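Worksheet for the structure shown next.
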Amino acid sequence: DKGVYPYYMLKEIDEQVIVAHTLSQYYFDDNAQIQNIDDDIISAIKAADRLYIVAAGTSYHAGLVGKRYFEQWTGIPTEVHISSEFAYDQPLLSQRPFFIFLSQSGETADSREVLDNVVKQGYPSLTLANVMNSTLTREANFALPLLAGPEIAVASTKAYTAQIIVEAILAHAVGNSQIDLKNELAKTAVEMQVIIDQKDEFKAIAEQALRGQRSAFYIGRGLDAAVAVEAALKLKEISYIQTEGFAAGELKHGTISLIEEGTPVFALLTQSKTAGLVRGEIAQVAARGANTIIISGKKLAKKGDAYVLPDVNELLMPLLTVIPAQLIAYYATLDRNLDVDRPRNLAKSVTVQ
Ligand code: F6R
């Protein structure tokens, strides 16, 4: 039931804070130690020489973020693959691969096809899914729940943040993140709420930047590039504004020729290592007339940035940056009088290949 909400998508955006708390309570005990992750899962991952994350759409985008956690905290090289590609062009695998499937529904046919192949080849697998007892959870060796509750809107929101959180918890459980992850996630959840409480700002940004526009861009580097592709998918799939998300350094290799007077370019700026470079890229598109909307972390912010996010651990910033993107997509779509929850041509669960 939507309750007081006009659309499920808005309800589900709001619920991300509760989901973060639920996951923290489920996966950590009172002493901030991991619980509810079987030792067999941990040892199977530790035995691997390479992790293969396989998923589609938004779940694939959550994998792009999770890759950083697995590589940084477990030291195991990690690849992220689109399931519809992997299914018919399986890359050369390492000696001891371990597969991680990410899925809201657990029924995505493209991902099921890959899992079938993986099972036939005898490789170990784990599914992180929101719908437990789904095909992907039943057919993998292991499964862990995303605990996001039913996601009704076609555009995925809370399943994405839940996937990122569970990936972080799993990588932390396997490796040695050297951070108090339970505490960092609690702080992040508080800041998620702060951003969600500022909906009106994103409504204003969406209307100002996107009304009447046919195309838009999201740029960033590193983890911000990973969120940029998800931000672009959110905006395009419900508002029908053609949106590209990509690594900011690629602008000069082609895309910058698309910039015209007033073209909306959303820049995500939360990673200190590359902030200077991204500032340069923002200046370059601005010089060509782009309407730049800068969403920055607090310590990297400058006067005039459109929206300043609270600072949390830089690795967890995707949990914050995606919220403005979700809200901007939501309000841009409302502004066009479109059905936010049911975009044309799309199904919630894609059970055909
Ligand atoms: C976009 C969206 C889709 C799904 C994709 C995979 O908002 O929801 O891109 O992420 O179809 O679905 P699941 O996660 O159910 O495997």
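The values are calculated or read from the model by the stated rules, or taken from the named source; none is laboratory data. Source: prediction; values computed, not measured. A quick note on method: Cβ atoms are made from the backbone with ideal geometry, for glycine too, and the neighbour counts reach across all protein chains shown.
General observations
- Counting residues in the range 72-79 that are closer than 20 Å to A226 by Cβ, within 17 Å of the chain's Cα centre (by Cα) and modelled with pLDDT of 95 or more gives one or more.
- Flag if A275 is within 16 Å of the ligand (Cβ to nearest atom) and modelled with pLDDT of 95 or more: no
- Annotation: of all residues in the range 1-60 being in a loop (DSSP other than H, G, I, E, B) and small (G, A, S), the one that is nearest to E113 (Cα to Cα) is A56.
- Helices (runs of 4 or more DSSP H) contained entirely in the range 163-246, each with at least 1 residues that are over 28 Å from I82 (Cβ atoms): 181-196, 199-210
- Residues in the range 333-351 that are polar (S, T, N, Q) and either surrounded by 12 or more Cβ atoms within 10 Å (Cβ to Cβ) or under 9 Å from S239 (Cβ atoms) (or both): T333, S349, T351.
- Condition check for V278: part of a helix (DSSP H, G or I), in contact with a Leu (Cβ under 7 Å, 6 or more places away or on another chain) and β-branched (V, I, T): yes
- In the range 300-315, the count of residues that are crowded, with 22+ Cβ neighbours inside 10 Å and within 12 Å of the ligand (Cβ to nearest atom) is zero.
- Test for G249: is it modelled with pLDDT of 95 or more and crowded, with 22+ Cβ neighbours inside 10 Å: no
- Candidate set: the range 68-92, residues that are of a type outside the set (A, V, I, L, M) and touching a residue at least 40 places away in the same chain (Cβ under 8 Å); chosen: the one farthest from the ligand (Cβ to nearest atom): G75
- For the range 231-255, taking the residues that are β-branched (V, I, T) and touching a residue at least 40 places away in the same chain (Cβ under 8 Å), the one that is nearest to the ligand (Cβ to nearest atom) is identified as I238.
- Flag if A267 is farther than 15 Å from L327 by Cβ and in contact with a Phe, Trp or Tyr (Cβ under 6 Å, 6 or more places away or on another chain): no
- Those residues of the range 147-157 which are touching a residue at least 24 places away in the same chain (Cβ under 8 Å) and either over 16 Å from A56 (Cα atoms) or more than 11 Å from the ligand (Cβ to nearest atom) (or both), in sequence order: L147, A148, G149, E151, I152, A153
- Residue in the range 143-156 that is touching a strand residue (DSSP E or B) at 6+ places or on another chain (Cβ under 8 Å) and part of a helix (DSSP H, G or I) present: no
- Residue that is nearest to D38 (Cα to Cα) [pool: residues in the range 118-142 that are within 11 Å of the ligand (Cβ to nearest atom) and assigned to a helix (DSSP H, G or I)]: L136
- Some residue of the range 255-263 being within 16 Å of the chain's Cα centre (by Cα) and aliphatic (A, V, I, L, M): no
- Residue list for the range 93-108, restricted to those being assigned to a loop (DSSP other than H, G, I, E, B), within 16 Å of the ligand (Cβ to nearest atom) and touching a strand residue (DSSP E or B) at 6+ places or on another chain (Cβ under 6 Å): G106
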